[in-house]
Amino acid sequence: MSQYMTTSEEDAKVYLPRFRILYAAIGITALLVISRLWYLQIIQGTELRQFSEKNRVKETKLAAPRGLFLDRENRVLVDNLPGFDTSISPQYATKLNETAEQMADVVGMESKKIVEEVKRSRRRDGPFRPVKIKDNLSLDEV
């Protein structure tokens, strides 16, 4: 044989240590990925699922176009009146007690009741659903 030609056995023997290192790196990487997936799914699965369930629903209200109800002589039976509500989004209420105290003065409610309502709703519905504090505010309260 020529000095420039080698057989595949000789090539395999030369590269065998490199292949072992490559196989070990692939095996360690696969082991790390599988162990991380196992940790997230088995160990933290229930906690992450709860976060996911709370995070998936975000309520957005859209104003529905309403018309007047008229009788056959075009007299108004039912009219549209503006209605205002006050609400708190728990995810943005970082200083809940201070916010409740300021809101209590304007709305005419106890601040303790506002804080309790927000905390109860946060446990029940999660932090993303706004908590309605009072319906049909007067123009002075608005």
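The values are calculated or read from the model by the stated rules, or taken from the named source; none is laboratory data. Being a predicted model, the structure only gives us computed values, none of them experimental. As a convention, Cβ positions derive from the backbone with ideal geometry for all residues, glycine included, and neighbour counts pool all protein chains shown. Side chains included, ligands, DNA and RNA excluded: accessible areas come from the protein's heavy atoms. Shrake-Rupley method; radii C 1.70, N 1.55, O 1.52, S 1.80 Å.
Which residue fluctuates most in the GNM of the chain (Cα springs below 10 Å): Ile21, Ile42, Ile88?
Per the Cα network of the chain with a 10 Å cutoff, Ile21 tops the list.
Which helices count as membrane-span-like in the chain under these terms: full DSSP H, at least 24 Å along the axis by C-alpha, Kyte-Doolittle mean of -1.0 or more?
8-38
For the chain, treating each Cα as an identical point scatterer without solvent, what Debye log10 I(q)/I(0) comes out at q = 0.09, 0.15 1/Å?
-0.60, -0.95
At 0.36 nm per residue, minus the direct Cα-Cα distance, what do Asp125 and Leu16 gain on full extension? Give it in nm, one decimal, please.
33.3 nm
Considering only protein heavy atoms and a 1.4 Å probe, what is the carbon-and-sulfur percentage of the accessible area of the chain? Please report the intermediate quantities before stating the final value.
On the way: 6920 of 12560 Å².
Solvent-exposed carbon and sulfur of the chain make up 55 percent of the total.
Based on the Cα atoms of region 56-112, what semi-axes does the equivalent ellipsoid have, where each is the square root of 5 times one gyration tensor eigenvalue, given in whole Å with the largest first?
Values: eigenvalues 275, 61, 7 Å².
Values for region 56-112, descending: 37, 18, 6 Å.
Which of Val115, Ala100, Phe51 sits closest to the plus end of the dipole of the chain, meaning its Cα is farthest towards the positive end, when Lys and Arg get +1 and Asp and Glu get -1 on the C-beta?
Towards the positive end, the residue furthest out is Phe51.
Once fully extended, how much extra length lies between Asp140 and Leu32, figured as 0.36 nm per residue of separation less the alpha-carbon to alpha-carbon distance?
Result for the pair: 32.7 nm of gain on full extension.
Could you tell me the number of lysine pairs in the chain with C-alpha atoms less than 28 Å from each other, where the two lysines are 8 or more residues apart or belong to different chains?
Counting lysine pairs in the chain gives 29.
Among Phe51, Phe19, Phe128, which one shows the highest mean-square fluctuation when the chain is modelled as a Gaussian network with alpha-carbon springs under 10 Å?
Fluctuation is largest for Phe19.
Among Arg72, Arg129, Arg18, which one shows the highest mean-square fluctuation when the chain is modelled as a Gaussian network with alpha-carbon springs under 10 Å?
Arg72
At 222 nm, what value in deg cm²/dmol follows for the chain if DSSP H runs of at least 4 each add -39500 (n - 2.57) and the sum is divided by all its residues, to the nearest 500?
It comes out at -16500 deg cm²/dmol, rounded to the nearest 500.
With a cut-off of 8 Å between alpha carbons and a minimum separation of six or more residues, what is the relative contact order of the chain in percent? List each step's numbers first, then the result.
Working: 95 pairs, mean separation 35.3, N = 142.
Over the chain, the number comes to 25 percent.
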